[in-house]
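All of the numbers you see were taken from the coordinates with simple rules; none came from a lab. Bear in mind that the values here come from a model prediction, so they are computed numbers and not experimental data. Positions of Cβ are generated from backbone atoms using ideal geometry, with glycine treated the same way; all protein chains shown enter the neighbour counts.
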């Protein structure tokens, strides 16, 4: 059994093709090869904890992931995210490895999923990327997007000037030419690939400003109360994709648009089916597409397995 | 963050008063101070995995426990039980310790719970103990019982002669005078403290053979299909106790007796209430008492915390 620290994990991540890995995870999920237990939630005074577990049929490991958010931690000089992933052998139950990733693999797999959505749904030639939010996920999304698009023109929306300035600096280091703005409608109107990464509880921009030919990926909304997109944008979309239809019924943008009566569940495709070709994705450059990513355990299983395998040599 | 192996854990267990620790855990549970998430179950081809998580309100840690049983492991020279317990800080979500106990702490806390039941429910002077089963749990129950009764007369029931002989040897090393038998009714009739630890799916002995003044603890039945006790024994009991009324509605001996219409839920007391004095236990030496133990997360939380604290010094 091997224990790996975050620095071990960070060291090997650049050697992995995370976008392909996540694409395969979504296909496995949509082909019903993932066996996933219900998510467990523990609520504490200062934070919340999620425990997720599952495996891929025919795979070598099952994975138990513990992830927490404690929002008073930054004031104590600690990361708000914590967690680890445990890999056990499917044949014997033996613990094969513990990855003390402190939540980083969850950030990375979420960002790589955004890149997968862009790879399969964005217009053929992206001219400008818009990112909503300036946090860790906004940075990681940008880093992952570099491998699926040549576009390096970026508009960033955020609430705070300092955070915008700091994000712009990081984006420039990643090779982007950056404009910052606190005007959500203008930022959304300027781009044909939009990624939203905020904890917003109401739409970040009106549906009407989104240009034909735009792809929008929403990753911030992970509870029934959070919302980043106008339900009318989902109604307007020609292609509407969920990472998990089952989960998107219960949380996220699709949940909100269904509740608002703006869409019907029958319109929603699953990302794994788009990747495998079982469902059509974008068919013309002028279509608007929306991907709602809530995160599936198949992603955790696959990123944990591949990090472990590289670390094992 | 500290990692502790099974040998570390075994080394410190003798310094802990496990019976008092488990008694306190049951009181915390019955006083509604335990916050426990639903148990997660993963079913694999060769085994099953349970993930349990929870904390005590006002405590320092929350605990996530992974425990598995892979029944083909002994043929591979591996233990069928595997698992670990993780302690995280309630205030920050930081991992405080990982106890790689390989399922041993679950065995021990279950055995210590049997001793708690005997301490609070057995007749004042036990003359003969009967143990049903010859496995790990049968041995650990006996080891823990030594601290709550002076009785060293033991009858053991088992299906296999070799296992009985091996168990008898271990029991003698623990200071017991041992009789072995494959006649369940005779064994049950001979004792006034009976502990059942088997994976049986039908009653091990008829209710009618149990003598007045006997206490029976059942720990083997942990699924809806398993059953060790005759429902009529529960009907006959003057004192009927569950570690968790909520769990015993769904599995174990009480579940089976409720389903058979032999008892009403209103008759069932909770062990923590008996310990704290909120509910009466045995009031006369001639009563028959039955305790059905299905295991509660408060036990895991408390044994993990105390092992960690001793290891920390």
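Remark: B:104, B:308 ranked as B:104, B:308, counting other beta-carbon atoms within 10 Å and listing the fewest first.
Against the main long axis of the alpha-carbon atoms of chain A, helix A:136-145 sits at an angle near 80°. With contributions of -39500 (n - 2.57) from each DSSP H run of at least four residues, the per-residue ellipticity at 222 nm computed over chain A stands at -10000 deg cm²/dmol. Here residue B:77 yields copy-to-copy label distances, from shortest upward, of 4.9 nm, the label point defined as 7 Å from Cα along Cα to C-beta.
May I ask for the percentage of alpha-carbon pairs in region A:156-258 that lie more than 24 Å from each other?
Summing the P(r) of region A:156-258 above 24 Å gives 25 percent of all pairs.
Assuming R0 = 45 Å, what is the FRET efficiency of residue A:76 and residue B:39, from their Cβ-Cβ distance, to the nearest 0.05?
Approximately 0.90, to the nearest 0.05.
Seen from a random direction on average, the alpha-carbon convex hull of region A:111-191 projects onto 4.6 square nanometres.
Going by how many other Cβ atoms sit within 10 Å of their own, how do A:226, A:52 line up, fewest first? Let's see the in-between values first.
On the way: A:226 19, A:52 24.
Exposure proxy ranking, most exposed first: A:226, A:52.
Here the spin labels are modelled as points 7 Å beyond Cα on the Cα-Cβ line, and at residue B:259 and residue B:31 they lie 3.5 nm apart.
Between 0 and 90 degrees, rounded to the nearest ten: what's the tilt of helix A:161-173 against the longest Cα principal axis of chain A? For helix A:161-173, the angle is close to 70 degrees.
Sorted into 10 angstrom bins from 0, the C-alpha pair distances of chain B split as 6, 28, 36, 24, 6, 0 percent. The same position residue A:57 in the other copies lies at 4.3 nm from this copy, comparing label points 7 Å beyond Cα toward the beta-carbon, shortest first. Here the Gaussian network model covers chain A, with springs between Cα atoms less than 10 Å apart; of A:303, A:263, A:136, A:136 fluctuates the most. Each of A:140, B:309 was scored by other Cβ atoms within 10 Å of its Cβ. Listed from fewest to most, they are B:309, A:140. Beta bridges assigned by DSSP with both partners in chain A are antiparallel in approximately 50 percent of cases.
Label point of residue A:208 (7 Å along Cα→beta-carbon): distances to the other copies' equivalent points are 8.6 nm, sorted ascending.
Quick one: in region B:122-296, what % of C-alpha pairs are over 26 Å apart? Distances greater than 26 Å cover 23 percent of the Cα pairs. Projected label points at residue B:16 and residue B:278, each 7 Å from Cα along the beta carbon direction, are separated by 2.4 nanometres. Within the listed set A:206, A:74, A:280, the residue fluctuating most in the Gaussian network model of chain A (springs between alpha-carbon atoms under 10 angstrom) is A:74. Taking every Cα-Cα distance in the protein assembly as shown and sorting them into 20 Å bins starting at zero, the pair-distance distribution P(r) comes out as 19, 43, 26, 11, 1 percent. Please build a GNM for chain A, connecting alpha carbons under 10 Å apart, and tell me which residue among A:160, A:266, A:277 fluctuates the most. Most flexible of the set in this elastic network: A:266. In terms of its alpha-carbon gyration tensor, region A:31-162 comes out oblate; a/c meets the 1.5 threshold, while b/c is at least as large as a/b.
Placing R0 at 60 angstrom, the Cβ-Cβ distance between residue A:161 and residue B:143 gives a FRET efficiency of 0.35 after rounding to 0.05.
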